[in-house]
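For reference, the structure is listed below as C-alpha cells.
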C-alpha cells in the first residue's frame, strides 16, 4: 500500500500565476521572517521565545521558559514548513540552519524520549498530568510532523530519530495496558501525526496508537474527569469550556457517536483529519462514513462563505447550525487550514469535486486572508465585517485585529499558513490508481508515472483571475492513463478541448474524466467561465438574511472603506445592478476587482424616523476578501444588502 | 423654592387602563412577591439574603453575610417601592411590616451612622477603602432614597433619621478638608439621593455634598488611582473596565468635560440624573447645558428603538455611537429606568415634548419588557432579537435569558421596576408655575392647586390601545391656569377639542397649551391617531440597515415564534404590505396586535447558492415588545427586513 496519494513535493512545481506567487512569498519571505520571529529578532512583534526555550532546555544558554505551554509547536510547524521548502527548493544555508536547530532539539530531548520545553523547564513533576489542558501530545504531534517532513525532504534521520523516540515513549506510556495511561490529548494533533509517522516509517504501531487515541476519546469513565479528580480539582471546567463542557475537546462522547461538529474548531478539524486518514489506511468503512457525516454537517451548516469554520471566539468554537455572524466571525486561520486538510484527505477516500470546491473556497478566501501581501503580518481571526472603532471597543470582538500583526503570543496561525503554502503541491493534485487528478488550478507542472512511464503535465494559467487553463501532457512515450480535471462547482458551463477540439465532458463526481493513450505534446484546455455571481446563504443563516456575497471563480469579494467610503452598511446592491469584473494590474499585486453601481442610504436627522430616506447612487468596488486590509485600516464588509 | 415639580404621589391616581393595570400589578403582586424574594422564601429563585443580612447585622440572628457587596441596595429599593405604595394605597399591615424592618435596620446601623451589612459583617476594617469597586456610597444612596420615600409617604422619621445620620457621616468623611477623603463612588447614586434628601429636609449641606461628588469626579490626581495605590494594587483595572478604563465609571475626566456618554450605562444615567437635579436646584446654566448635551448624544446616537441604552454586556456599557446590535443588546432594564429618570428630570428644567417622548419610549418598551405579565419574573437584559438555541450557546449572550426569571444574584432590576411603577404618578404629570403639564396618558386623575383653587383633572382613556384621551376639569371654582398636554412626537395629526369644539393647537415645544379660565365640568379631548408606522433607524445604525421596526403609538412591536413560526429572520416585509392593527381581548392581557402579510424565504438545499429562492407568502403577527416572552420560550425579532 502506498501512502499518501499526493505526489512527492519535488514533483509538483508551481512556477507562475497567483498561487505560485503566494507560495514564493512564503518561501522567500514568510519562512525567513518567521525564523526571525521565533528567534525574537522582530521589533514590535510579540515575543515568541521558541528557539530560546530549546537552547535553555539543551543547556546551551541560561534563562527561563517563555510563553504558553504549547509554545514549542510554533517551532515544530516552522521546521515542517522549512523542510517543505528544502524539498522543493534545496538551500544549503537553510539546511545547515535546520541541522543546527535539530541538534539543539536532540540535545534538549530527555533520555527516555520526552521532549517539551515547558514541562522540562517549568513543571518537570507534572509530565502527562493534565492532558486536558496542557497540549503535551499536541506539541509532540507537531514535532512528529516536522520530523516526517524533514526526513522526506532531506533523507536525513536526525529529527525523525528524535520523534520516533518521542513517539515510542508515548506508545509505552499510553494505551489500555495495566501500566499504561488510558488518556488522550485535549487538543487533537498527535493522531494525524502518528499516521504520517506510520506511513513514512512503516511502523504500524504508530497507526495503532493513533487509532487508540481516537477510539478511547470520550469513553466512560471519562479520562479527563478521572485526571481532574487526581489533580484534586473540584470538577469545575476551565472558562473556555463554557456551554460545551468536555465537548469543547470532542471528549463528551465517543468519537464514533459524534453527530455534528462540536467544540474548538481547530481540534475538531484535526480530529476529523485523523479519522479520515485512518478510515483510508485501515479501509474502515464505518469510520469513513462517520467522517463523511461530520464533514457534511460542517459543510452544510457550519461553513462560512469564506471557507472558515468556528464562529465562537470564546473557546474558538463551533456554534449552532447556521449561526454564522459576520462581525463576530472568529473563523480562525488555523481552522480554515483544518478545512483544507480534511477536504484534501477526503479526496483520497473518494474523488468528489464538491470536497475540492470546499478546499478551494477555504484556501482562496479564509486562509489567504490570514497572510498579508508582504508576508510579514497575519490575521488569526477572520471576520466578514469590520468597523474598526466598534471592533476595538466591543468586548466580544477583543480578539479581532483590524490590521494584521507581525506575530501573536499564541502564534499557531502564521507557521500553519507557512507549512500549508510550502506544501501546496500536495494539495494541487493526486496520483490516482489509473493516472492523475488535478484539484487546484495553478501555473506549474507535475511529474508522475503512468505505469512505468514518466509523465510531465504542464499547466499554463492565470487562474483565478483568468478562466482558462492550458495543459500540455508530455509522457516519455505514448501511454494510457486517466486525467481527471476538477470541474469547479461554482462554474455553470465549463468547456473542455483536446488538442484544440471541443470535447463533451464526462463529469464523474465533479471531475472531467479523460482516459486515452496520451501522446507527447497533447494539449487539454479547460475553460471555467467566471461571471460575477451573487451568492446567497440558506435562509437559516440569519446573519446573512437578505444579503449577497459577490463571488467570481473561487474568490469571494468584499468592500473596503478605502474604495467605497465609510459606513459600508449604508450601501445596498439593487437586484438589477450590473456588476463588471476588471483586472487592475497595479492594485493589491494585480487582481480582478468587481465594479458596479450601488445605492447609499444617507444618514438621517433623527436616530429613528418614519420617513423613507432616498438612497443616492454610489459607485461600488469590491476586492477579493483574501486581499483585504492591505491598504491601511478601514471598514470591510462582505455581505451586501440586496434591494 | 419648591421641590420637586411632581405632584405628591397621593394626588395622582391611576385607576383604569393599561398603565394603571401595570401599576396595580406592581402594588398587589410585585411588591409582596419581592418581599418574599428578599426573605428567601421563593423556591427556585436565586437567594437574595437581603433581610437575613440585616437581621444578622442587627444581632437578631446568627449567620453569615450572603450575596454581593451591594446586596443591601435591593432591600433599599424595595422599601422605596413599598413606601410609594403606602403613599397611594395606605395599608396597615405593610406599614407595620416596614416598621419592623426599619427597626432592624436602625439596630444594624453603627453608632457613628455607618450602615452597610457587607462591610459590617465581612470587611469591617475596609470601610471606604475601595470606593471604586465596592458600591458603599451607592448602597447608602439607595437607603437615602428609601428614607425620603418612607418619610414622604408616612410622615414617620424612623428611616429618615437613620439615613440622615448615615448622610451626615458621609458628609463628615468626604470632602475637600484636610481630614476628609477626596473620593466619590464608583457607582453613582448617592448624588441624586442627596439631592432628594436636601429637598425633603431642607439640608442644603446634602446638596453641597452631591455637588462635591460630581465636581470631584475624574479630577486629577485621580482618586481611584490614589486609592488603588493605597491598597497596593499593581494598577491593573478590573475586567469590566476593558477598553474604557476609569471611563467605565465616568471617572477618566471631570464630569463637566464629558462630551458623550461613556462606560457603565446605569451609572452614566444616574450621574446624569443628579447633574440635571443640581442644574435645576442650583440654577446652574452651564451644568444644564452640559447635561442637555450628554442627553442629546444619548438620544441621537445611543438609544435603542425600545428606549434602552448600553449595548455592551461586558461591563454593561455604552458603546460606539450607532452601535446598537439587536441580538447582543444588553439594554439593561435599570439603564432604561435611568433613561426614564433623566427624561422626567429634564422636563423640570424645560418642558420639551421630545424628552417626554423618550421617557414614554423607554417606559412602554424596554422597561415594561423587564416585567412578566404575572409580575413574578423579570428580564435584566433586553435584546431585540433572540434565537434561544443561539443565545444559550454563544458566550457573548451568556447574560441573555430567553425566559424571564424569578430573581437574580445581582437583583438590581426587579425592585427598580417596582419603585418606578409604584411612583408612576410622579412621571405622569408636572405642576408648572401656571398650571399642570401632562406627560403620560393614563386613565386616572390628578389633584393640584391653581393658585389657591383645588383642581381635579380626570383622564378617561384606553391609551395606548386607543388613541383618545378625554379630560374633565373640575376646579372647586372657576380659575385661570394653563393646561399643557404632550403632543407625542410619533403622532402626525393630533386633534384637540374643548367642550366638543375642535381647537387649533398651540404647540409649544411639543405640548398643546391651553390657557383659560376653567369652569367646573370643562372637557378637553385629545386624539392622537396611531396608524401602524414603519420606523427606520439612521443609516449609521448598521445593525438595523434595511430593516424596519413596527410601531403603533408608543409601543414598538416584535414578532414571536409562537405567532409566526421559527426562523423569523427568513421573514421579510414588502414595502407595499398593508398592516392592520387589531385589539385582541384574550391575548396577553388584552392588546393591539399588528397583522399583515410577509414573505418567507424558504430554506435551501445548499448552504450557499447562486439561485434566487422564491419567497412564499406568510401571515405576520406582531405583538408589543413589552409583552414578549409571556407565552413560553421561542424566537423573537424586532427589526424586520423590508423588501
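Bear in mind these aren't lab numbers, they're just calculated from the coordinates by the rules spelled out. Because the structure is predicted, anything quoted here is derived from the model rather than measured. Don't worry about glycine lacking a Cβ; one is built from the backbone with ideal geometry, like all the others, and counts go over all protein chains shown.
Averaging the sequence gap over all C-alpha pairs within less than 8 Å and six or more residues apart, then dividing by the number of residues, gives chain A a relative contact order of 13 percent. Here the simple spin-label model places points 7 Å from the Cα toward Cβ, and for residue B:616 and residue B:300 these points are separated by 4.7 nm.
Considering only Cα atoms, the convex hull volume of segment B:421-548 works out to 137 Å³ per residue.
Cβ crowding within 10 Å, taken as a proxy for footprinting-reagent exposure, orders A:314, B:142 from fewest neighbours to most as A:314, B:142. Once C-alpha pairs closer than 8 Å and six or more residues apart are averaged by separation and normalised to the residue number of segment A:532-642, the relative contact order reads 36 percent. The rule of thumb for compact globular proteins, 2.2 N^0.38 Å, goes into the C-alpha radius of gyration of segment B:51-217 0.99 times.
When shorter helices are ignored and each DSSP H run of at least 4 residues is given -39500 (n - 2.57), the per-residue value for chain A at 222 nm works out to -10500 deg cm²/dmol. Across peptide A:317-323, the mean count of Cβ atoms from other chains lying within 10 Å of each residue's own Cβ comes to 5.
Simple spin-label estimate for residue B:43 and residue B:222 gives 5.0 nm between the two label positions (7 Å along the Cα-to-Cβ direction from each Cα). The value of relative contact order for segment A:436-527, using C-alpha pairs under 8 Å at least six residues apart, is 30 percent.
Each of B:620, B:638 has some number of other Cβ atoms within 10 Å of its Cβ, and from fewest to most they run B:620, B:638.
Between segment A:113-150 and segment B:397-467, what's the alpha-carbon centroid distance in Å? Rounded to whole Å, the Cα centres lie 65 Å apart. Placing a label point 7 Å from the Cα of residue B:498 along the Cα-to-Cβ direction, the distances to the matching points in the other copies come to 9.7 nm, shortest first.
Based on alpha carbons, the Rg and Dmax found for segment A:293-341 are 9.7, 29 Å. For the peptides B:17-27, A:215-225, A:329-339, B:458-468, residues were scored by their other Cβ atoms within 10 Å and the scores averaged per peptide; the highest-first order is A:329-339, B:17-27, B:458-468, A:215-225. Placing pseudo-labels 7 Å out from each Cα toward the beta carbon at residue B:179 and residue B:492 gives an inter-label distance of 6.9 nm. Considering the rotation that superimposes chain A on chain B, the residue of A whose beta-carbon lies nearest the axis, and that distance in Å, is A:396, 2.
Cβ-to-Cβ counts within 10 Å put A:576, B:643 in ascending order as A:576, B:643, the fewest first. Shown here is the pair-distance distribution of chain B: with all Cα-Cα distances grouped in 20 Å bins from zero up to the longest one, the shares run 19, 53, 25, 2 percent. Once divided by 2.2 N^0.38 Å, the Cα radius of gyration of segment B:192-257 becomes 1.37. Of interest is the spacing of the C-alpha centroids, which for segment A:166-222 and segment B:275-333 amounts to 57 Å. If R0 is 60 Å, the Cβ-Cβ spacing of residue B:289 and residue A:578 corresponds to a FRET efficiency of close to 0.70.
Counting Cβ atoms of other protein chains within 10 Å of each residue's Cβ and taking the mean over peptide A:385-394 gives 4.
Shielding value for B:531-538 is 5, the average number of Cβ atoms from other chains within 10 Å of each residue's Cβ.
What ranking do B:118-127, B:131-140 get when scored by the average of other Cβ atoms within 10 Å per residue, highest first?
Going from most to least packed, we get B:131-140, B:118-127.
With the label put 7 angstrom out from Cα along the Cα-to-Cβ vector, residue B:259 ends up 5.5 nm from the copy partners, going from closest to farthest. Dividing the convex hull volume of the alpha carbon atoms of segment A:448-519 by its residue count gives 99 Å³ per residue. With its label point defined 7 Å out from Cα along the Cα-to-Cβ axis, residue B:44 lies at 5.9 nm from the matching points of the other copies, in increasing order.
In whole angstrom, note down how far apart the Cα centers of segment B:24-103 and segment A:35-80 are. Segment B:24-103 and segment A:35-80 have Cα centres separated by 59 Å. Structural size metrics of the protein assembly as shown, computed from C-alpha coordinates, are Rg and Dmax of 35.0, 119 Å. Here segment A:241-354 is treated as a sphere whose radius is the Kirkwood value from Cα pairs; by Stokes-Einstein at 25 °C and 0.890 mPa s it diffuses with a coefficient of 176 µm²/s. A Förster radius of 35 Å, combined with the Cβ-Cβ distance separating residue A:374 from residue A:106, puts the computed FRET efficiency at roughly 0.50.
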